[in-house]
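The values are calculated or read from the model by the stated rules, or taken from the named source; none is laboratory data. Computed from a predicted model, the values in this text were never measured in an experiment. Glycine also receives a Cβ, built like all others from the backbone with ideal geometry; neighbour counts cover every protein chain displayed. Heads up: the accessible areas ignore ligands, DNA and RNA and are worked out on the full protein's heavy atoms, side chains in. Shrake-Rupley method; radii C 1.70, N 1.55, O 1.52, S 1.80 Å.
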Amino acid sequence: TVYRTLLNSPESLAALREAVNAAPYKAAPKAPVLYVKPRNTLAHDGDRVVVPRSAQALQVGASLGLVIGRTACRVPQADALSYLAGYTVVIDFSVPHESFYRPSVRFKALDGSCVIGPTVVAASRIPDPDNLPVKVWIDGAEAQSATTGGMLRGAAPLLAHVTVFMTLAPRDILMLGVPAGAPLARPGQSVAVEVEGVGRLDSVLVGEEE
């Protein structure tokens, strides 16, 4: 199972302004905000990503993926990283939408919209998962440059918080979170995402009619 973490970037949360105080929640989230990328969304490096007719573009969500190595339940933060088999790169393509608290499944669960890989890098080879450059290119031009650092919850705190209320199984993937300002890509464009030291993914967007 692949889980994406929403609003882990302080800038993304700040961009909501007063919307975080609106009903039904009336406050900023105090726990990780997650949603599931179901099996139909999973795709590999080099796969084509279909943009539905109802959307002109897809948001490119670049993230470090935390790959669970052993059953994780109520994991202490100090030991959290020892529960990881390693790290991978994840691109979460989604239809741009306004609601971040309850996004419609049809915006998030497109076939082939969660590209993972190309490999899993052993956790022992990444001494600091919270200090990795992340870059996105669209048609070869740099569209976003960020790092895995500065998240509201880094890799260990996030894993510890999530496993308080749910158990993660070996081979599950927990996305650290997408940096603020995720770019848009349109049919016919190529997308590449790289997390330094972990790997690079390439995808091509095509229209539904193709």
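Worth pointing out:
- All aspartates and glutamates inside 12 Å of LYS37 as judged from Cα atoms, apart from same-chain residues fewer than 8 positions distant: ASP92, ASP111, ASP172
- Dimensions of segment 129-210 based on its C-alpha atoms, expressed as ranges along the principal axes with the largest first, amount to 43, 28, 22 Å.
- In the chain, the portion of solvent-accessible area held by carbon and sulfur atoms comes to 51 percent [1.4 Å probe, whole percent, DNA, RNA and ligands not counted].
- Taking the three principal axes of the alpha carbon atoms in segment 30-145, the coordinate ranges are 46, 33, 25 Å, sorted in descending order.
- VAL206 versus CYS73: modelled label distance in nm, points set 7 Å from Cα along the beta carbon direction: 4.4
- Length gained on full extension, LEU34 to VAL164, computed as 0.36 nm times the residue gap minus the Cα-Cα distance: 45.5 nm.
- As a size descriptor, the averaged projected area of the C-alpha convex hull of segment 102-174 was calculated at 7.3 nm².
- Rg(Cα) / (2.2 N^0.38 Å) computed for segment 60-210, rounded to two decimals: 1.05
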